[in-house]
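Rule-based calculations on the coordinates, nothing more; no lab input. Since this is a predicted model, take the numbers as computed values, not measurements. Neighbour counts run over all protein chains shown; Cβ positions are idealised from the backbone, glycine included.
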2 protein chains.
Amino acid sequence: MLGLLRRQGPLSRGELGKRSGLSRTTLYDIIAELLTSGAIVTTGQESRPDAAPRGRGRPAETLALNPDAGQAIGIDFARRAVHVAAVNVAHEVVGSAGEPHAADLPWEDRVALAERLVGTLTEGALRLGPLSAIGVGVVGPVTGSGSHLETLPRLLRERFGVPVLVDNNTRLAALAESIWGAAAGEQDVLYLRLSHGVGGGLVVGGSLHRGAYGLSGEFGHITVESAKGRCDCGGTGCLETVASIRAVLDAYRAAGGQAGDVAALVAALESGDPVALGLLEDVGSRIGTVLAALCNAIGPGVIVVGGELTEAGAALIGPIERALSAHILPISRHRVTLRRATLGEAGGALGGIALVLHESPLLSRYPADEAGSVERHP
Amino acid sequence: MLGLLRRQGPLSRGELGKRSGLSRTTLYDIIAELLTSGAIVTTGQESRPDAAPRGRGRPAETLALNPDAGQAIGIDFARRAVHVAAVNVAHEVVGSAGEPHAADLPWEDRVALAERLVGTLTEGALRLGPLSAIGVGVVGPVTGSGSHLETLPRLLRERFGVPVLVDNNTRLAALAESIWGAAAGEQDVLYLRLSHGVGGGLVVGGSLHRGAYGLSGEFGHITVESAKGRCDCGGTGCLETVASIRAVLDAYRAAGGQAGDVAALVAALESGDPVALGLLEDVGSRIGTVLAALCNAIGPGVIVVGGELTEAGAALIGPIERALSAHILPISRHRVTLRRATLGEAGGALGGIALVLHESPLLSRYPADEAGSVERHP
């Protein structure tokens, strides 16, 4: 019941009955209990501006999670910045905020920064109750036991007093794009992020796909046959060695171009620099070939491409689309669409919220002091 | 309730209550209705040989689907053969059978052949009631509207009088391997079939993954950068152009070897022929590289490799494993295992049964005369 209200927002008793499949008697017993405990509240029809005009019958009273009990917060602890986002019990995104910091900032200070940013969003009105939770994005794999994977949930629980769910921030951005972003409403989404690293995530049937052992969406470490560079992962010829920001800028300089960052590269592209255009053609072609392989294997309905490198625009997206079209199974060619990400830097934090709302609907099963271990995804 | 009994086999009232989450009153009402309609029957404790020894309390009566109402049949209409398998209401595979036929055999005759084969399995005791269904595997994509995708379900419904579910037979083999075969009990499985064509299927979270538009598992049409051959799909450089039986035999002959079929190639490998060994090393290496890319993206727990080409044994599996290990993200290297398929030619038909049992638990929602269209999977 709580899961339904969390996922769907306010519902009438009739709608709850239909969606839960419970008998009227059982349903009304449960509702009475939840009202008594304060977990849910009744809301009048006037609180739903989108409701149908009042007919001749009695206006339908709706039930909702208690706003004092159920806000959700998403926090993305990126390499050099903290981003936060908050949603109210009606699933409305209250807003998002972010602030850069030094790469070596201790975790205690990052958590304090997150708390301050959350405060600016909620104007001090944050009330995290028994149905609240925090969804957290972190850099890198969340399988195994990196020290920050133990420290961080503990610090956040101490600070906020609610369960903490953790996942990789790029995967969370994939989930967020499938809910609020470029692929809103899509059930099967492949998200590729081209940034300082190259990674991504898969949404399968509307849920974040994690794989059997928590490592999936590692598109940056797919071998590109013609690439020979060493990768930070220990492998050779990974897509990341040709499609990360550093790899692209290095290749541009090696070809005689001059660009210290993505903005300078974009300027060169806009001025029609043939070296920059040729380079992006090559990089995009390799990316598109990998995407085609993944489409043949997985069959997403939408591909979302994000990350700073997409600021290159059509000079990158065009070659990606051409290679995708050339290498995808011909029968699939016009069935998958490629879109640029729309959520930008807030994607990871929004994905943290999505993790809470969509992946853990019966959050109340997990007491706050256990959630860090019970629910640390994967 | 029917879905639970279909998926779990016989359960006590207490277990049904726990798993359904229904109140005792609601549960008992539903059970009474289902008993009256004949959809389920009570079974004594003595019918469960694995039950706990009789304690001091009253022996727990279990409930099960009515065996007269719920057999399931799987039929694989392969290119030149029909395979069938049957399961009783207790989810026990009664057996499987198959028979080759000419490639141009009309669908009417294939269906008649299937019926005869089913008869040999069930010894005339087949009773397909309102909870029964047939799961059918066919060659090629089941998206769109190929003529046999309309003819076949109609013919089968006319013949057997129950709903018909259709899916690609290679994908069904993937599902079957994850239930009864090499990856039994695994939730995330990648199945690759190396036969006259190269294809496969993905099991994600225990369910067959179909993708947004019904095309997934098309591993044979992933571009292998170093391959240049034209593929039947209209593309160039597909894995199928280097790893299908025909491609391997053609390459063997082009390199001076002599083998008319897989058995002859296997004999050459067993005699230590360096040309055959070198060729399989190369083919296996390309296959393993593709599998590594898919593991990085999807993260399966087990890879199952099937199809006639696997009769080459270690000469093929060894190079696949080495390339997989070389190109998979190092952190994933020891987390995925590669196994040879165990179900052989019965895989597609068994997968048809799995489709009925696992993918359509509430089959009774679909009247027999609509199921062909309602339930024709993609």
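Of the trypsin sites (Lys or Arg not before Pro) found in the stretch A:225-325, those that fall in a DSSP loop while having at most 12 other beta-carbon atoms within 10 Å are A:K228. With its label point put 7 Å out from Cα toward Cβ, B:S271 sits 6.8 nm from the same residue's point in the other copies, in order from shortest. Chain B residue nearest the rotation axis toward A, with distance: B:E225, 2 (Cβ to axis, whole Å). A cut-off of 5 Å between modelled amide H atoms, ignoring neighbours fewer than 5 places along the same chain, links A:V82 with A:E99, A:H101.
By the Stokes-Einstein formula, at 1.002 mPa s and 20 °C, the stretch A:175-224 with its Kirkwood radius over alpha-carbon pairs has D equal to 189 µm²/s. With K and R counted +1 and D and E -1, the other residues having a Cβ less than 10 Å from that of A:S23 yield a net charge of -1.
Count Lys and Arg as plus one, Asp and Glu as minus one, and take only other residues whose Cβ is under 14 Å from that of B:S285; the net charge is then -3. Arranged from fewest to most other beta-carbon atoms within 10 Å of their beta carbon, B:R6, A:R335, B:R340, A:R171 become B:R340, A:R335, B:R6, A:R171. All Cα-Cα separations within the stretch A:138-233 were binned at 10 Å from zero, giving a P(r) of 14, 38, 33, 12, 2, 0, each value a whole percent of the pairs. Our note on the geometry: Cα centres of the stretch B:183-217 and the stretch A:263-305, 28 Å apart. Distances between placed amide hydrogens fall under 5 Å for A:A60 paired with no residue 5 or more residues away or on another chain. 3J(HN,Hα) along the stretch B:199-213, derived from phi through the Karplus expression 6.51 cos²θ - 1.76 cosθ + 1.60 where θ = phi - 60°, amounts to x, x, x, 10, 9, 10, x, x, 10, 5, 8, 10, x, 5, 10 Hz, with x in place of Gly and Pro.
Label points for B:R340 are taken 7 Å from Cα along Cα→Cβ. From this copy to the others they lie 5.2 nm apart, shortest first.
Taking amide H positions as modeled 1.01 Å from N, with prolines and chain starts lacking one, the residues under 5 Å from B:A133 and 5 or more places away or on another chain are B:I73.
Can you list the lysines whose alpha carbon is less than 30 Å from that of A:K228, not counting same-chain residues fewer than 8 positions off? Candidates past the 8-residue exclusion: B:K228. Note: relative contact order over the stretch A:262-324, using C-alpha pairs below 8 Å and six or more positions apart, is 54 percent. Applying 0.36 nm per residue to the separation of A:R159 and A:T36 and subtracting their alpha-carbon distance, the gain on full extension is 41.4 nm. Restricting attention to the stretch B:108-226, close to 60% of DSSP beta bridges with both partner residues there are antiparallel. Sequence-ordered 3J(HN,Hα) estimates for the stretch B:335-345 from the Karplus curve with 6.51, -1.76 and 1.60 and θ = phi - 60° stand at 9, 10, 10, 10, 10, 7, 4, 10, 8, x, 5 Hz, glycine and proline given as x. Position B:G9: other-copy label points at 4.6 nm, ordered by increasing distance, label point 7 Å along Cα→C-beta. Please work out the FRET efficiency for the pair A:E150 and B:R333, using the Cβ-Cβ distance as r and a Förster radius of 30 Å; give the result to the nearest 0.05. The pair A:E150/B:R333 has a calculated efficiency of 0.80.
For the stretch B:184-342, pairs of C-alpha atoms spaced more than 24 angstrom apart make up 31 percent of the total. Listed by chain and number, the lysines whose C-alpha is less than 21 Å from the C-alpha of A:K18, apart from same-chain residues fewer than 8 away, are B:K18. Sorted ascending by nearby beta carbons within 10 Å, beginning with the fewest, A:D76, A:D261, A:D29 become A:D261, A:D29, A:D76. In the stretch B:184-342, the DSSP beta bridges split such that about 55 percent are antiparallel, to the nearest 5.
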